[in-house]
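Before any comments, here is the structure.
The values are calculated or read from the model by the stated rules, or taken from the named source; none is laboratory data. Just so you know, these numbers come straight off a predicted model, no measurement behind them. All Cβ positions, glycine included, derive from the backbone under ideal geometry; neighbour counts span all protein chains shown.
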Amino acid sequence: MIISVIRTILLYVVIIFAVRMMGKRQISELQTSELVVTLLMSNIASIPMQDTDQSMLSGIIPIMVLLVCEIFISYLMLRRTRIRKLICGKPVIVINDGVIDQDAMIQLRISTEDLYEQIRQKDVFHIEDIAYAILETNGKMSILKKPAKEPVSAEQMGIETTDSGMQTVVISDGELAKSSMQFCGIDKPEIDKILKKENLLLKDVFLMTCDKNKSYQIIKKERK
């Protein structure tokens with residue numbers, strides 16, 4: 001029993017390492033080759049986990065071989081467009097200048113229900129609002145609305161705006177996030193000063209966000 005647990009933990013670490021080496025894509029964003037490698041890795045790892053008579057190397061070596069193959073293929077895809085198109089395919093326009101390309105939908109085996117589901121996920125509820133819709137190689141839909149259906153921007157209205165940058169989490173559940181602090185250009189003494197102003201201790205803060213203009217928001221921990 002203990003041996004099975006140890007083998008499972010070791011293979012778990014190996015799989016995590018392999019997936020991290022493949023990149024930071026989410027499961028929904030995996031390309032064809034990455035999805036195949038991920039499925040194969042999980043199946044290979046399950047064999048020595050369940051069968052203690054199998055050597056650990058019988059699981060680790062194939063996983064490492066798959067990892068090397070995936071990294072090599074990824075390198076080739078970066079260097080050779082033809083190889084990328086062969087393995088991953090290419091983006092396909094399914095709505096062109098407001099007109100649905102029915103041949104493309106048949107080729108991709110996309111039903112009208114699938115199409116509407118994809119565009120609803122982009123907060124578009126009327127086909128006539130779309131200028132172009134492109135099905136990307138990872139299966140997601142990119143949509144460009146018609147100019148008349150796009151929201152009006154501050155630039156179009158001639159309104160000057162200031163860029164305060166992106167808000168990042170500098171305190172999470174009472175702990176400082178140093179990388180986010182560096183991004184915002186704020187240090188611990190400044191945070192201590194803000195907390196003192198708000199009559200709070202670090203341990204009392206559930207969430208604190210800050211931007212480059214030092215504009216901050218604080219959510220206190222709920223007392224239990």
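Only residues that are surrounded by 12 or more Cβ atoms within 10 Å (Cβ to Cβ) and either among the small types (Gly, Ala, Ser) or in the same structural domain as Val124 (by TED's automatic domain parsing) (or both): list them for the stretch 172-192, please.
Ser172, Gly174, Ala177, Ser180, Gly185
Taking Lys214, is it surrounded by 10 or more Cβ atoms within 10 Å (Cβ to Cβ), in contact with an Asp or Glu (Cβ under 8 Å, 6 or more places away or on another chain) and over 30 Å from Ile134 (Cβ atoms)? Spell out how you get there, then give the answer.
Values: surrounded by 10 or more Cβ atoms within 10 Å (Cβ to Cβ): yes; in contact with an Asp or Glu (Cβ under 8 Å, 6 or more places away or on another chain): yes; over 30 Å from Ile134 (Cβ atoms): yes.
Taking the combined requirement at face value, the residue satisfies it.
Which residues, counting only those in the stretch 183-200, are out of contact with any helix residue (DSSP H, G or I) (no Cβ under 7 Å at 6 or more places or on another chain) and over 22 Å from Thr162 (Cβ atoms)? I'd like the intermediate steps shown before the answer.
Initial filter on the stretch 183-200 (out of contact with any helix residue (DSSP H, G or I) (no Cβ under 7 Å at 6 or more places or on another chain)): 183-186, 188-194, 196-200.
Correct list: Lys188, Pro189, Ile191, Asp192, Lys193, Lys196, Lys197, Glu198, Asn199, Leu200.
Output the residues belonging to the stretch 145-170 that are aliphatic (A, V, I, L, M) and under 30 Å from Asp211 (Cα atoms). Steps first, answer last, please.
Filtering the stretch 145-170 for residues aliphatic (A, V, I, L, M) gives 148, 152, 154, 157, 159, 166, 169-170.
Selection gives Val152, Ala154, Met157, Ile159, Met166, Val169, Val170.
Thr168 fails exactly one of the following numbered conditions: (1) surrounded by fewer than 16 Cβ atoms within 10 Å (Cβ to Cβ); (2) more than 30 Å from Ile106 (Cα to Cα). What is the number of that condition?
(1)
State whether the residues of the stretch 149-156 include one that is hydrophobic (A, V, I, L, M, F, W, C) and crowded, with 16+ Cβ neighbours inside 10 Å.
Applying the first criterion (hydrophobic (A, V, I, L, M, F, W, C)) to the stretch 149-156 yields 152, 154.
Filter again for crowded, with 16+ Cβ neighbours inside 10 Å, leaving none.
Looking for residues that are hydrophobic (A, V, I, L, M, F, W, C) and crowded, with 16+ Cβ neighbours inside 10 Å, one finds none in the stretch 149-156, hence no.
Please work out which residue is nearest to Gln121 (Cα to Cα), limiting yourself to the stretch 13-32 and to residues that are at pLDDT below 70, surrounded by fewer than 18 Cβ atoms within 10 Å (Cβ to Cβ) and of a type outside the set (Asp, Glu). I'd like the intermediate steps shown before the answer.
Going through the stretch 13-32, the residues at pLDDT below 70 turn out to be 22-32.
Now restrict to residues that are surrounded by fewer than 18 Cβ atoms within 10 Å (Cβ to Cβ): 23-29, 32.
Checking the rest, the ones that are also of a type outside the set (Asp, Glu) come to 23-28, 32.
Values: Gly23: 25, Lys24: 23, Arg25: 20, Gln26: 17, Ile27: 17, Ser28: 14, Thr32: 22 Å.
So, considering only residues that are at pLDDT below 70, surrounded by fewer than 18 Cβ atoms within 10 Å (Cβ to Cβ) and of a type outside the set (Asp, Glu), the one nearest to Gln121 (Cα to Cα) is Ser28.
Kindly check whether there is at least one residue in the stretch 76-92 that is modelled with pLDDT of 85 or more, among the hydrophobic types (A, V, I, L, M, F, W, C) and surrounded by 15 or more Cβ atoms within 10 Å (Cβ to Cβ). Working first, answer last.
Looking only at the stretch 76-92, we keep the residues that are modelled with pLDDT of 85 or more, and these are 91-92.
The next check asks that each one be among the hydrophobic types (A, V, I, L, M, F, W, C); those that pass are 92.
Subsequent filtering for residues that are surrounded by 15 or more Cβ atoms within 10 Å (Cβ to Cβ) retains 92.
The answer is yes, given that some residue of the stretch 76-92 is modelled with pLDDT of 85 or more, among the hydrophobic types (A, V, I, L, M, F, W, C) and surrounded by 15 or more Cβ atoms within 10 Å (Cβ to Cβ).
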